[in-house]
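The values are calculated or read from the model by the stated rules, or taken from the named source; none is laboratory data. Small disclaimer: the values here were computed from a predicted structure and weren't measured. Cβ placement follows ideal geometry from the backbone for every residue including glycine, while neighbour counts extend to all protein chains displayed. Keep in mind that these areas ignore ligands, DNA and RNA; they rest on the heavy atoms of the full protein, side chains included. Shrake-Rupley method; radii C 1.70, N 1.55, O 1.52, S 1.80 Å.
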Amino acid sequence: MNRDADDAAALPLAVTMGDPAGIGLDITLSAAAADLALPRFVLLADPETVAARCRTLGLSIAIRTVASPAHATGCGRGAIDVMAMPIAATVVAGKPDTRNAAAIIGCIERAVDLVMHGEASAVVTNPIAKFVLTAAGFPHPGHTEFLAELAGRYRPERIWHPVMMLASDDIRVVPLTIHIPIAKVPAALSRDHLMATVRIIAQDLQRILGGRTPRIAVAGLNPHAGENGTIGREEIEMIAPAIAALQAEGLHVTGPHSADTMFHAEARGRYDVAVAMYHDQALIPIKTLAFDTGVNVTLGLPFVRTSPDHGTAFDIAGSGRARATSVVAAMHMAADMARAMAAHA
């Protein structure tokens, strides 16, 4: 391991509280209470809210308020390090409050700031509720777009194009389009969009994979990948030409593949990541294979960011029913990625 990788491994993760009325605090505190060997991290949250949620969940956790990540001694096995982020309104589990939108946003901004200034190794974000932030004037549809804006604040020399990858031990998938109606998917696809996305995947995954050129499998849009144009022409007119151009650049890209045969075990062994054309084409296989351990990874940024692959689940917040497996996986993946990307920067 080189010096940069050693430094990345030594720095703690910056973990945001997400919406404090949701399960982000529940799962983070449950992970800290458990007898787990977690990566070193600091939680950005209001300490009194953290203490109150511990009482609600019946967890006995030593809460250590720290001034900076450098003072974090390590979370887990009954202890947690918290960097104080003030909130406007008392938090009630399961009852989101738009008055706390500024604090939620502030935690994300602070986490990115810590990483970009070399105080933390990576950002791990707990779930937010878009409607809470939108009601408070937040202009972005979600975390990913906001993170791209934050990247531009620190690295304004380029426009950042984040790519959402869902990952687990068994599968990695990237949806080319995300939260749009199925009827709008064909018009949203383009050769340039596909090629730009694959280039970002290839660049970041190569560093994550230790310098090895990643194998990228691209799905078709239509059943049977269009079946030579008889069930649609998007594969012939857009997807296949983009793949040929990427191959000419030296990237290891195959397809367009029929999506219904891409995700069984033998097929997954032939690629490192699958690029799907729309949300459910990507999300159904990973949620089937890794519902509790899937991690949302944002590629294409100047910092590592991961997140549990689920929402705020206000209906079970404070009940003790939320499982910590996804946030634990997100922490480990963030730490591993930060170390690998530093080693192969």
Next item on the list: Kindly provide the trypsin sites (Lys or Arg not before Pro) of the stretch 271-343 that DSSP labels as loop, not H, G, I, E or B, and whose Cβ sees at most 10 other Cβ atoms within 10 Å.
Entry: none
Next item on the list: With a 1.4 Å probe and every protein chain kept in, tell me what percent of the accessible surface of the stretch 301-345 is carbon plus sulfur.
Entry: 52 percent
Notebook entry, point to check: Over the chain, what lengths in whole Å, largest first, do the semi-axes of the equivalent ellipsoid take, defined as the square roots of 5 times the eigenvalues of the alpha-carbon gyration tensor?
Noted result: 36, 22, 18
Next item on the list: Between Ala183 and Gln247, take the C-beta separation as r, use R0 = 35 Å, and let me know the FRET efficiency to the nearest 0.05.
Entry: 0.65
Note to self: What is the sum of charges, Lys and Arg at +1 and Asp and Glu at -1, for the other residues whose Cβ falls under 12 Å from the Cβ of Val304?
What the structure shows: +1
Margin query: Restricting to DSSP loop positions (anything but H, G, I, E, B) with no more than 12 other Cβ atoms inside 10 Å of their own Cβ, which GluC sites (Glu not before Pro) remain in the stretch 183-291?
Written below: Glu249
Next item on the list: Could you list the residues of the stretch 80-97 with an amide nitrogen less than 18 Å from a label point located 7 Å from the Cα of Ala34 in the Cα-to-C-beta direction?
Entry: 80-81
Check: Which percent of the accessible area of the stretch 13-62 is formed by carbon and sulfur heavy atoms (probe 1.4 angstrom)?
Finding: 50 percent
Margin query: Nearest 500 deg cm²/dmol is fine: what mean residue ellipticity at 222 nm does the chain get from its DSSP H runs of n ≥ 4 alone, each adding -39,500 (n - 2.57), divided by its residue count?
Written below: -11000 deg cm²/dmol
Item checked: Local electrostatic count at Leu57 - Lys and Arg +1, Asp and Glu -1, tallied over other residues with Cβ under 11 Å -> +2
Check: About its Cα centre, what dipole magnitude does the stretch 223-266 give when the only charges are +1 on Lys and Arg Cβ and -1 on Asp and Glu Cβ, stated in debye to the nearest 20?
Finding: 60 debye
Notebook entry, point to check: Over the Cα atoms of the stretch 173-285, how large are the radius of gyration and the largest Cα-Cα distance (Dmax), in Å?
Noted result: 13.2, 41
Next item on the list: Whole number in Å², please: accessible area per residue of the stretch 241-345, 1.4 Å probe, ligands, DNA and RNA not counted.
Entry: 40 Å²
Check: In a Debye calculation with equal point scatterers on the alpha-carbon sites of the stretch 46-188 and no solvent, what is log10 I(q)/I(0) at q = 0.11, 0.14, 0.15, 0.19 Å⁻¹?
Finding: -0.56, -0.89, -1.01, -1.37
Next item on the list: Can you tell me how much longer the chain between His161 and Arg77 gets when fully stretched, taken as 0.36 nm per residue apart minus their C-alpha distance, in nm with one decimal?
Entry: 26.5 nm
Check: In nanometres, what is the gap between the two model label sites at Arg55 and Ser190, each 7 Å from Cα along Cα-to-Cβ?
Finding: 5.5 nm
Item checked: Solvent-accessible surface ranking, highest first, for Ile243, Ile182, Ile61 at 1.4 angstrom -> Ile182, Ile61, Ile243
Item checked: Modelled FRET efficiency - R0 22 Å, Arg212 with Asp169, Cβ distances, 0.05 increments -> 0.80
Check: What dipole magnitude, in Debye to the nearest 20, does the stretch 205-345 give about its Cα centre under +1 on Lys/Arg Cβ and -1 on Asp/Glu Cβ?
Finding: 580 debye
Next item on the list: Compare the Cα positions of Val273, Ala313, His117 along the charge dipole of the chain (+1 at Cβ of Lys, Arg; -1 at Cβ of Asp, Glu; about the Cα centre) and return the one farthest towards the positive end.
Entry: His117
Item checked: Local electrostatic count at Ala122 - Lys and Arg +1, Asp and Glu -1, tallied over other residues with Cβ under 12 Å -> +1
Next item on the list: Mind checking the full-extension length gain between Ile236 and Asp315? Use 0.36 nm per residue of separation minus the Cα-Cα distance, one decimal, nm.
Entry: 23.9 nm
